[in-house]
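The values are calculated or read from the model by the stated rules, or taken from the named source; none is laboratory data. None of these values were measured; they are calculated from a predicted model. Cβ sites come from the backbone with ideal geometry, for glycine too, and all protein chains shown count toward neighbours.
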Amino acid sequence: MLLAIDSSAGTSAAVVDFATGILAEASSDDPLRHAEVVGELIAEVLAQSAVRVEALSAVALGTGPGPFTGLRVGMAAGRAFALGAGIPVAPVISHDAVAAGHYSSGAAGSLLVVTDARRREVFWSLYSGADPESIPHRIEGPALAKADATLPDADRRIDARSIPAGWLGMVAERSWAAGRAFPSGDAVYLRSPDVTLSAPKRVTG
């Protein structure tokens, strides 16, 4: 049983179980209030699912792509929760959750997942379907592009305002059960930092 958290677009949290699926899920589409809502959403899904912290085996953590400020809030919250509970973190590329929800309905064909990167840019990932373990098969991305750029063709495009934490958790559960390696736990920003170190000033006597 996992707690799942993502703040790469809006903010979302969920409690999931491999056998029974998504037990509780709550989200906010607001792209600016991650820090204000993430704790409330975690508390809400734990209460709704009636799952005790001691019953959780890991925290599924959305690693982006996402803007720096929002993404780091969810990642910091997830890591702090995992540390306090004494459980590991299971990193998941956030776009994989959108694709998992799409393919879970029986949809087939290629899928383009797009999220807002701000500054008139978007993040995108391209999928060809789901594998036998129902894990989405990402064939390109995550990548960053101008909002008006020509993106890869796909049978369907989803512009997601928030990432479904329930499906993020299910990707983690299915990957765990299938013995798949998890991606790096590093945040996927895809953009150089705004602040750079200046050259040291020369000191003269």
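Couple of notes before you dig in:
- Verdict on residue 65 being over 15 Å from residue 166 (Cα atoms) and buried (at least 24 other Cβ atoms within 10 Å of the Cβ): yes
- Every residue from region 19-56 that is buried (at least 16 other Cβ atoms within 10 Å of the Cβ) and in contact with a Leu (Cβ under 8 Å, 6 or more places away or on another chain): 24, 26, 27, 28, 42, 45, 46, 49, 51, 56
- Looking across region 86-128 at every residue that is crowded, with 22+ Cβ neighbours inside 10 Å and hydroxyl-bearing (Ser, Thr, Tyr), the one that is nearest to residue 57 (Cα to Cα) is identified as 94.
- Meets criteria (crowded, with 19+ Cβ neighbours inside 10 Å, under 24 Å from residue 45 (Cβ atoms), in contact (Cβ under 8 Å) with a residue 12 or more places away in the chain and touching an Asp or Glu at 6+ places or on another chain (Cβ under 6 Å)) for residue 164: no
- Enumeration of residues in region 19-70 that are modelled with pLDDT of 95 or more, closer than 15 Å to residue 189 by Cα and hydrophobic (A, V, I, L, M, F, W, C): 61
- Test for residue 9: is it at pLDDT below 95, more than 24 Å from residue 113 (Cα to Cα) and either surrounded by 15 or more Cβ atoms within 10 Å (Cβ to Cβ) or touching a Lys or Arg at 6+ places or on another chain (Cβ under 7 Å) (or both): no
- Residue list for region 172-188, filter: under 16 Å from residue 8 (Cα atoms) and either over 15 Å from the mean Cα position of the chain (by Cα) or surrounded by 19 or more Cβ atoms within 10 Å (Cβ to Cβ) (or both): 187, 188
- The set of residues from region 70-94 being touching a Gly at 6+ places or on another chain (Cβ under 7 Å) and closer than 12 Å to residue 138 by Cβ comprises 92, 94.
- Residue identified as touching a residue at least 40 places away in the same chain (Cβ under 8 Å) and closer than 18 Å to residue 67 by Cβ among 156, 118: 118
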